[in-house]
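The values are calculated or read from the model by the stated rules, or taken from the named source; none is laboratory data. Not measured: the values here are computed from a predicted model. So basically every Cβ, Gly included, is an ideal-geometry build from the backbone, and we count neighbours across all protein chains shown. Accessible surface is based on the protein model in full, side chains and every heavy atom, while ligands, DNA and RNA are left aside. Shrake-Rupley method; radii C 1.70, N 1.55, O 1.52, S 1.80 Å.
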Amino acid sequence: MNELVRPRRLAPGARVAVVAPSGPVPEERLQAGLDVLRGWDLDPVVAPHVLDRHGELPYLAGADADRAADFQAAWCDPAVDAVLCARGGYGVQRMVDLLDWEALRAAGPKVLVGFSDVTALHEAFAARLGLVTLHGPMAAGIDFVKNARAQEHLKATLFAPETVRTIGSAGGRALVPGRARGVLSGGCLCLLAAELGTPHARRTGHGGLLCLEDVGEETYRLDRCLTQLLRAGAFDGVRGVLLGSWEGCGPYDRVRALLADRLGGLGVPVAEEFGFGHCAGALTIPFGVRAELDAEAGTLTLEEPALR
């Protein structure tokens, strides 16, 4: 797995577009998130359909074509320096192939931030555009609005990425000890499994460090996703695994037993409870950047800053 192109860091006054590629966005949380961004001396602009609701499918933030058009317009606007997803949920897979990828490529590199359902965009940007993206808090997410640690780690990554070259979690520990180097990739486990067989799917973990987390999935469903990825060869050649949060996925001792059962035989370091994903104070992880994992120390050291 090769390193990807790093977008430029943000500076005070930068314009950031907020889009809703997935689920419906609570207006009060959106306003709170915009206030945070303005407090960082950013200029947030809200895409036209961010507060839409699909008339028949209430789990979608409006029609697929409208969500895709918002994303396309935001990314291709030369005045916009970063695109921040408002929230996850579900819906990216329905709109990702409606995007004009040649136009997105011509617009040049800029920052993309999101996680959860945005995993499908992380994968698409890596495969189709070759760009580094940030797996981090979303503009209308509870963690972004209310948690200072999540805010500050994302802010540092955006404005002063050299200050967060080493990422560590207080609760991080080794499920399988060891050190490994590779390019970071991954995201939400069930989304990575759902990407298999799609036209632009890639062997996500080959030669790299694979980050995995999920929310609200029963343990047997996590088992099914991990087993599907294993059977499909998605873990072939992986050099290390970072495990984030598993909120609402059952008792952690049961989840941990599953993770050890499915990943322990890979013969690579595996770090657990690393503090990214659906958890309070979630860390921002740059996908597409080469890093070194020390599973026992619970640290991830980036070879270069996440952004230029």
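So which residues in the range 231-250 are within 21 Å of the chain's Cα centre (by Cα), over 17 Å from Val183 (Cβ atoms) and open to solvent by 10 Å² or more (accessible area, probe 1.4 Å)?
The first filter runs over the range 231-250 and keeps only residues within 21 Å of the chain's Cα centre (by Cα), leaving 234-235, 238-249.
Among the residues that remain, those that are also over 17 Å from Val183 (Cβ atoms) are: 243-249.
Answer for the range 231-250, where residues must be within 21 Å of the chain's Cα centre (by Cα), over 17 Å from Val183 (Cβ atoms) and open to solvent by 10 Å² or more (accessible area, probe 1.4 Å): Ser245, Trp246, Glu247, Gly248.
Can we say Gly264 is more than 21 Å from the chain's Cα centre (by Cα), small (Gly, Ala, Ser) and in a helix (DSSP H, G or I)? Steps first, answer last, please.
Working: more than 21 Å from the chain's Cα centre (by Cα): yes; small (Gly, Ala, Ser): yes; in a helix (DSSP H, G or I): yes.
Considered against the rule, which asks whether it is more than 21 Å from the chain's Cα centre (by Cα), small (Gly, Ala, Ser) and in a helix (DSSP H, G or I), Gly264 comes out as yes.
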Flag for Leu258 being open to solvent by 10 Å² or more (accessible area, probe 1.4 Å), farther than 23 Å from Thr166 by Cα and in contact with an Asp or Glu (Cβ under 6 Å, 6 or more places away or on another chain): yes
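Specify which of the listed residues (Gly108, Gly55) is surrounded by fewer than 20 Cβ atoms within 10 Å (Cβ to Cβ), without any contact (Cβ under 8 Å) to a residue 24 or more places away in the chain and within 24 Å of Pro286 (Cβ to Cβ).
So the residue among Gly108, Gly55 that is surrounded by fewer than 20 Cβ atoms within 10 Å (Cβ to Cβ), without any contact (Cβ under 8 Å) to a residue 24 or more places away in the chain and within 24 Å of Pro286 (Cβ to Cβ) is Gly108.
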Where Gly114 falls short, out of the listed (1) modelled with pLDDT under 95; (2) within 8 Å of the chain's Cα centre (by Cα): (1)
Selection from the range 137-189 of residues that are modelled with pLDDT under 95, open to solvent by less than 30 Å² (accessible area, probe 1.4 Å) and touching a strand residue (DSSP E or B) at 6+ places or on another chain (Cβ under 6 Å): Gly172
Per-region count, the range 1-34, residues under 21 Å from Asp117 (Cα atoms), part of a loop (DSSP other than H, G, I, E, B) and in contact with an Asp or Glu (Cβ under 8 Å, 6 or more places away or on another chain): 5
Residue satisfying condition, being assigned to a loop (DSSP other than H, G, I, E, B), buried (at least 23 other Cβ atoms within 10 Å of the Cβ) and touching a residue at least 60 places away in the same chain (Cβ under 8 Å), within set Leu192, Leu283, Leu300: Leu283
Among the residues listed as Gly33, Gly62, the single one being of a type outside the set (Asp, Glu) and under 19 Å from the mean Cα position of the chain (by Cα): Gly33
Lone qualifier among Val183, Val215 - being of a type in the set (A, V, I, L, M, F, W, C), more than 20 Å from Ala127 (Cα to Cα) and touching a residue at least 60 places away in the same chain (Cβ under 8 Å): Val215
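Any residue at all in the range 196-215 that is in a loop (DSSP other than H, G, I, E, B) and closer than 20 Å to Val255 by Cα?
yes
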Those residues of the range 86-141 which are in contact with a Leu (Cβ under 9 Å, 6 or more places away or on another chain), closer than 18 Å to Leu4 by Cα and among the charged types (D, E, K, R), in sequence order: Arg105, Lys110, Glu123, Arg128
